[in-house]
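A short write-up of the structure that comes next.
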Amino acid sequence: MATHYFDNSATTMVSKRAADIAYTLMTESYGNASSLHSLGMEAEKQVTAARQVLAKVLNCRENEIYFTSGGTESDNTAIYGALRLRKRVGRHIITSVAEHPAVLNPVKQLEREGYEVTYLKPDRDGRLSIDAIRDAVRPDTALVTLMLVNNESGVISDISSLRSILRKKSSRALIHSDCVQALFKTSIDVKKLDCDIISLSGHKIHAPKGIGALYVRSGVSLPPYLHGGGQEKGMRSGTEPVPLIAAFGEACREYLEVFEEANERIETFRDKILSRIREELPAAKVNFTEYTIPHIISLSLPGCPSEVTMRILESEGVYVSAGSACSRGRRSSVLTACGLDTGTIDSTVRISMSRYTTAEDCDALVNALKSAYERLHK
């Protein structure tokens, strides 16, 4: 049976080019990037090359990029580091109830430790009100942490407006954005977003799991989260996972070659899927229709429990999710925050595409959704 994979927001297939370079660096050029011999220097060159390509993607300087173990470490490093750096400003944090657990859980822990947190709630369209953000800023606000693209709804937030809001309030708060779901799905130009810190992850763009990155704007001396041998310019100690770093860089390099064409194709596929659903499965409901990237479709099949729908689809070789892979078994906090009723939430599946998605995959998806709906409404 053919596999039709639509859970790319959870993780992606590693590209052959990324896998090949990782394998070579694990079995041939396997030196420690901190060693002074030729194998070590070759490893260091690979790390530098990956840093250069990621800096090109973000339109930033190489020395503003730090490698981590993934999005979770990047988010935690950003949040705890920013608050230590701004400890004299205050102990107030602004975030949203629709953030990824890698942001929400550290923030909740800090709340238990005495920090005050304002949790913004998105509108029904999944977006945050600029007025609500402005109203939330206080003299003691030390950090604003809001994601660029939501991992369940696919909704894009207006992160580029945050700096202007803070300036008008004469705020010294730092801005952090979790851009894990945004990389290569929408533009991440740090000069336009004007964030202080940005979190990224490799396994969402066809690099292996276990590698991520942190952009830290020059002039922001973020305290290290991990201490040890002083790697990554003292920001992130630990022997550099050169194969993973190089694979991340290669995945970025490969994506730069196909970025526009791939996203245009995904947009075409999204339109094709939605057109067929409107015609052949009119009872289905798309939860978010504006301000979204084309890669993610949040779809409700009334009367069809999400997990049952997933199992039926899987029996036909189609793989989707019921929401964030990090919130397994729990009702979606994102959909709840956006004001969807429980019936809609409990019947929602998340369809997420990548540059490897094909027209055949899209046809198989719609056919399987129809089959699931018919079986559950007999």
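Search the range 347-360 for residues being surrounded by fewer than 20 Cβ atoms within 10 Å (Cβ to Cβ) and in contact with a strand residue (DSSP E or B) (Cβ under 9 Å, 6 or more places away or on another chain), and hand back the single one that is nearest to Thr72 (Cα to Cα).
Top of the filtered list is Tyr356.
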Pick from the range 272-301, criterion in contact with a Phe, Trp or Tyr (Cβ under 9 Å, 6 or more places away or on another chain) and farther than 30 Å from Asp158 by Cβ, ranking: surrounded by the most Cβ atoms within 10 Å (Cβ to Cβ): Leu301
Members of the range 23-74 found to be outside any helix (DSSP H, G or I), charged (D, E, K, R) and surrounded by 13 or more Cβ atoms within 10 Å (Cβ to Cβ), listed by number: Arg61
Count of residues meeting criterion [of a type outside the set (A, V, I, L, M, F, W, C) and in a helix (DSSP H, G or I)] in the range 110-122: 2
The range 158-187 residues that are on the phi > 0 side of the Ramachandran plot, paired with ones that are hydrophobic (A, V, I, L, M, F, W, C) (beta carbon under 7 Å, 6 or more apart): Phe184/Ile205; Phe184/Phe259
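Say we look at the range 1-22 and pick out the residues that are in a helix (DSSP H, G or I) and small (Gly, Ala, Ser); which of these is farthest from Asn150 (Cα to Cα)?
For the range 1-22, the residue satisfying everything is Ala22.
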Scan of the range 99-155 for residues that are over 29 Å from Leu299 (Cβ atoms) and among the hydroxyl-bearing types (Ser, Thr, Tyr), ordered by number: Tyr115, Thr118, Thr141
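Quick note: the coordinates plus some simple rules give every number you see, no bench work behind them. Owing to the predicted nature of the structure, the values given are computational and were not obtained by experimental measurement. As a convention, Cβ positions derive from the backbone with ideal geometry for all residues, glycine included, and neighbour counts pool all protein chains shown.
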